[in-house]
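Q: Okay, here's the structure, questions in a sec.
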Amino acid sequence: QVTLVESGGGLVQPGGSLRLSCAASGLIFSSSIMGWYRQGPGKERESVALITSSGSINYADSVKGRFAISRDNTKNMVYLQMNSLKPEDTAVYYCRAVWNVNIAWGQGTQVTVSS
């Protein structure tokens, strides 16, 4: 059974930072494309950042220069470092894994950016 468990969300002031973590199990992590997605209030879910098994990275334009995705294949972990947070970054953040023809999602972690 594949499980993805996100952690690290919370309430932060504008300009602050948070680091999200996603612990994966039940899959060949090193071969998986890992990604972070988010869904803000009243919005559709959108891609934030992706990292392939070879380490290629892609960011949404809205987070370029502020967010950084990374992975640790020895620990089956993927991270999202979020800096210079803005109120519009408020959303539930989800971890996603893609391997072969399979997709799995985590349960999400809430990030709220507010003063």
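Q: Could you check the stretch 71-97 and list, in sequence order, the residues that are outside any strand (DSSP E or B) and surrounded by fewer than 17 Cβ atoms within 10 Å (Cβ to Cβ)? I'd like the intermediate steps shown before the answer.
A: Filtering the stretch 71-97 down to residues outside any strand (DSSP E or B) leaves 73-76, 83-90.
Selection gives Asn73, Thr74, Lys75, Asn83, Ser84, Lys86, Pro87, Glu88.
Q: If a residue must be touching a residue at least 40 places away in the same chain (Cβ under 8 Å) and either open to solvent by 40 Å² or more (accessible area, probe 1.4 Å) or part of a loop (DSSP other than H, G, I, E, B) (or both), how many such residues does the stretch 31-70 contain? Please lay out each step first, then the result.
A: As a first pass, look at the stretch 31-70 and keep what is touching a residue at least 40 places away in the same chain (Cβ under 8 Å): 31-41, 43, 45, 48.
Narrowing further to those that are either open to solvent by 40 Å² or more (accessible area, probe 1.4 Å) or part of a loop (DSSP other than H, G, I, E, B) (or both): 31-33, 39-41, 43, 45.
Total meeting the criteria: 8.
Q: For the stretch 15-30, give me each residue that is surrounded by fewer than 16 Cβ atoms within 10 Å (Cβ to Cβ), not in a strand (DSSP E or B) and not aliphatic (A, V, I, L, M).
A: Gly15, Gly16, Ser17, Gly26, Ser30
The values are calculated or read from the model by the stated rules, or taken from the named source; none is laboratory data. As the structure is a prediction and not an experimental result, all values here were calculated from the model. Every residue, glycine among them, receives a Cβ derived from its backbone with ideal geometry; neighbour counts consider all protein chains shown. Quick note on the areas: whole protein, heavy atoms, side chains included, nothing else; ligands and nucleic acids left out. Shrake-Rupley method; radii C 1.70, N 1.55, O 1.52, S 1.80 Å.
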